[in-house]
Amino acid sequence: MKYSIHIVFFMMLLWAGGFFTGKALAQSVPAEDENIPYLVTFGSDGDTSWGDDDFCQIFFAKVPKSFKNPIYIRVYDPDTGGELDEQKEEWDTRARFSIYGGEECWTHEDAKNIDPVGNYKSGILLNSETFGEQAKYDEDWYVFGPFNPQEGEWVKKLEGYIFKIIAEGVEGDDGNLYRYFISSEKNESKEIEGGNLFTYEYTFRMWNNQNNVSQIYPYIDDETTAIQIRNFDWDNDGFIRLVSVAKNGLLCTVTGEDEWAKDRFPVYEAERNSSMELQFIKNRKELVEDNNVVVIVQNQYGENLPFYVVPIGGIPVYQPKIRMEVIDKSN
């Protein structure tokens, strides 16, 4: 009976974590398999203890070279002041969404900053719109585009044209919750085959349901020998676990309010050129509501590693034999 209970509980975690949701939507941010409700960005006068360390979030969209038709960048609930958003006193927040393409959109070093400093707005500004308390877009879509895929920056290494999406709080102190979809259609969310999105600093809202498990996927390249995982303002909301083909749910240090924590883990040969998984498992004893969290992963040189919304190489599955072989090689 004990084993049956454990199996049922594990299956519940898998369902909550999105493992049985079917085909992931490659152009949705957050993606289905991440099981995250919303991205979040606060106004520039916000309080970092509410879960946003810098009031800015940058995503990159990759469009494959084979795709020739126009693309659209759809933003769900871009206004700040509706049912989904997080209010602090009166609604006074304005959020700006900007789309960049062209040369150095991604290849400029400042574009990969985890803080909005330097020339992080590199490239060519293609379009921008600022939203306040506009009921018109409350729980509805605003559409940027159409854009020719070649308006993005061609990056041979990534095998695609890259667009940059910057969301920033330009005034106020409320939290703006929103989602993206990179679509081949203006009026519906339709996938672009072979597309993907990624970021170097993930700021998102946790579920209020304690049965839900969220996950994000840092990509580990072939030059990474160690990673540093940093999380901000976790509010002691349960556990953060690291999973890979060679790591079976290693626990990360979690933070309280308005503070950073970091952990360092070795990277084995079998883990390179693949994705790892960070799982966010909420505290079951006491519900932390409306918890926003920031997560960063860096390599041994302090360089930021990308989180792909659809993991490169697929969702990692722990393989005990690989771990044993790795340990034997190191002894």
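The values are calculated or read from the model by the stated rules, or taken from the named source; none is laboratory data. The model shown is predicted, which means the values in this text are computed figures rather than measured ones. Because the Cβ atoms are built from the backbone with ideal geometry, glycine has one as well, and the counts that use them run over all protein chains shown.
Is it the case, given these coordinates, that D33 is in a helix (DSSP H, G or I), at pLDDT below 95 and under 30 Å from Q150 (Cβ atoms)?
yes
Out of A167, A95, A61, which single residue is touching a Gly at 6+ places or on another chain (Cβ under 6 Å), hydrophobic (A, V, I, L, M, F, W, C) and crowded, with 17+ Cβ neighbours inside 10 Å?
So the residue among A167, A95, A61 that is touching a Gly at 6+ places or on another chain (Cβ under 6 Å), hydrophobic (A, V, I, L, M, F, W, C) and crowded, with 17+ Cβ neighbours inside 10 Å is A95.
Please verify whether D54 is outside any strand (DSSP E or B), among the charged types (D, E, K, R), at pLDDT 95 or above and surrounded by fewer than 17 Cβ atoms within 10 Å (Cβ to Cβ), treating the condition exactly as stated.
No: the conditions fail for D54.
Six or more apart or on different chains, Cβ atoms under 7 Å: show the pairs whose first residue is in the range 292-312 and hydroxyl-bearing (S, T, Y) and whose second is assigned to a strand (DSSP E or B).
Y308/N196; Y308/F198; Y308/Y219; Y308/S275
Would you say K68 is touching a residue at least 12 places away in the same chain (Cβ under 8 Å), surrounded by 15 or more Cβ atoms within 10 Å (Cβ to Cβ) and either in the same structural domain as D235 (by TED's automatic domain parsing) or more than 19 Å from N176 (Cβ to Cβ) (or both)?
No, not satisfied.
Answer with yes or no whether R241 is among the charged types (D, E, K, R) and either outside any loop (DSSP other than H, G, I, E, B) or in contact with a Lys or Arg (Cβ under 8 Å, 6 or more places away or on another chain) (or both).
yes
Evaluate the following for Q210: is it assigned to a loop (DSSP other than H, G, I, E, B) and not charged (D, E, K, R)?
The answer is yes for Q210.
If I go through the range 145-168 residue by residue, how many of them are over 20 Å from the mean Cα position of the chain (by Cα) and at negative phi?
12
Determine which member of the set G118, G194 is on the phi > 0 side of the Ramachandran plot, touching a residue at least 60 places away in the same chain (Cβ under 8 Å), of a type outside the set (D, E, K, R) and in a loop (DSSP other than H, G, I, E, B).
Every option except G194 fails the conditions.
Report yes if some residue within the range 133-140 is in a loop (DSSP other than H, G, I, E, B), among the hydroxyl-bearing types (S, T, Y) and in contact with an Asp or Glu (Cβ under 9 Å, 6 or more places away or on another chain); otherwise report no.
no
Working only within the range 245-265, note down all residues that are under 13 Å from L278 (Cβ atoms) and touching a Pro at 6+ places or on another chain (Cβ under 9 Å).
Within the range 245-265, just K247 meets the criteria.
Considering only the range 273-295, how many residues are surrounded by fewer than 22 Cβ atoms within 10 Å (Cβ to Cβ), more than 24 Å from V317 (Cβ to Cβ) and in contact with a strand residue (DSSP E or B) (Cβ under 9 Å, 6 or more places away or on another chain)?
2
In the range 100-138, which residues are among the charged types (D, E, K, R), over 20 Å from the mean Cα position of the chain (by Cα) and closer than 24 Å to G175 by Cα?
Matches in the range 100-138: E129, E133, K136, D138.
Within 26 Å of T93 (Cβ to Cβ), crowded, with 21+ Cβ neighbours inside 10 Å, modelled with pLDDT of 95 or more and of a type in the set (S, T, N, Q), is that true of N176?
yes
Filter the range 1-30 down to residues that are modelled with pLDDT under 50 and closer than 21 Å to V288 by Cβ, then give me how many there are.
Total meeting the criteria: 6.
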